[in-house]
Amino acid sequence: MFVYLFVIILSTAIVGVLNAFFNPSVASNPWYYYIIMSAVYTISLIAVDAVVALVIRHMPSKFFPMNKRTYCLSSREKAFYEKIGVKKWKDKLPELGGFTSFHKDKIANPFDNQYIDRFILEACYGISIHYWSVPFGFLVIFLDYKMYMGGSNLWWTMAIPLCCVNAVLVVLPAFILKYNLPKLKKIREHNLRVVSIEKSPN
């Protein structure tokens, strides 16, 4: 969590300061206006991410089947995730499972398929939440209402850079969840085979 907070605060400060010094419209606004607006955009992005998560998390589980193409890891995706070093940093990113009372940072009960099924479902929810947060995050561009009158460029010099930072931060956990899903599915299949053997007549 510290890494995310550091990146969010640092990017907000950098964007605000750069605009305060180099924005072409700086002559018509006080320097602190850009610092405030940078913070406003960041807070708005966090709010949008929260709303997306809240809406998707309240959708019926039938919309998130484990075999849906969105949740199936292709060989190209796996190669891409491994190329960007997912194994090295996947344990360093914050895990927000506490908000749903189900943590996904480790498999606590690998032999209980009810638990595994819940884990897979939560992972599918998480992937969708993180993916959809990316495009919806860019809606904060429209907070720059002055751009419609040609009197502001903050949508370009401030909103888009912060949206890009947000996109990276929210999509990385989705990569981790999708990368781990095949392992969960294999555990589930193994448990099903064990149950089938135990139930079969001797």
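The values are calculated or read from the model by the stated rules, or taken from the named source; none is laboratory data. Keep in mind that this is a model prediction, so the values were computed, not measured. With ideal geometry, Cβ positions are generated from the backbone for all residues, glycine too; neighbour counts draw on all protein chains shown.
Couple of notes before you dig in:
- Residues satisfying the stated conditions in the stretch 30-43, i.e. part of a helix (DSSP H, G or I) and not polar (S, T, N, Q): W31, Y32, Y33, Y34, I35, I36, M37, A39, V40, Y41, I43
- Filter result for V7 (assigned to a helix (DSSP H, G or I), of a type in the set (A, V, I, L, M, F, W, C), in contact (Cβ under 8 Å) with a residue 24 or more places away in the chain and touching a helix residue (DSSP H, G or I) at 6+ places or on another chain (Cβ under 7 Å)): yes
- Among residues of the stretch 191-202 that are at pLDDT below 90, those with a Cβ under 9 angstrom from a residue that is assigned to a helix (DSSP H, G or I) and surrounded by 10 or more Cβ atoms within 10 Å (Cβ to Cβ), sequence gap 6+ or separate chain, pair up as V195/N113.
- Here I46 meets the list (1) aliphatic (A, V, I, L, M); (2) in a helix (DSSP H, G or I); (3) more than 30 Å from S152 (Cβ to Cβ) almost entirely, failing just condition (3).
- Among residues of the stretch 71-85 that are under 8 Å from Y179 (Cβ atoms), those with a Cβ under 7 angstrom from a residue that is hydrophobic (A, V, I, L, M, F, W, C) and at pLDDT 95 or above, sequence gap 6+ or separate chain, pair up as L73/L181; Y81/F175.
- The single condition among (1) under 19 Å from Y145 (Cβ atoms); (2) at pLDDT 95 or above that L10 does not meet is (1).
- When residues in the stretch 144-163 are screened for being part of a helix (DSSP H, G or I), out of contact with any Asp or Glu (no Cβ under 7 Å at 6 or more places or on another chain) and crowded, with 17+ Cβ neighbours inside 10 Å, 5 of them pass.
- If you go through the stretch 15-53 and keep only what is under 26 Å from the mean Cα position of the chain (by Cα) and either within 14 Å of I160 (Cβ to Cβ) or not hydrophobic (A, V, I, L, M, F, W, C) (or both), you end up with V15, G16, M37, S38, Y41, T42, S44, L45, D49.
- Residues within the stretch 100-121 that are among the aliphatic types (A, V, I, L, M) and loosely packed, with under 12 Cβ neighbours inside 10 Å, tallied: 1
- L177 surrounded by 21 or more Cβ atoms within 10 Å (Cβ to Cβ), under 22 Å from the mean Cα position of the chain (by Cα) and either of a type outside the set (A, V, I, L, M, F, W, C) or in a helix (DSSP H, G or I) (or both): yes
- Total residues in the stretch 10-29, condition in a helix (DSSP H, G or I) and among the polar types (S, T, N, Q): 4
- Odd one out for A47 among (1) small (G, A, S); (2) under 22 Å from L172 (Cα atoms); (3) surrounded by 17 or more Cβ atoms within 10 Å (Cβ to Cβ): (3)
- The stretch 108-119 residues that are under 16 Å from N180 (Cβ atoms), paired with ones that are of a type in the set (S, T, Y) (beta carbon under 9 Å, 6 or more apart): A108/Y115; N109/Y115
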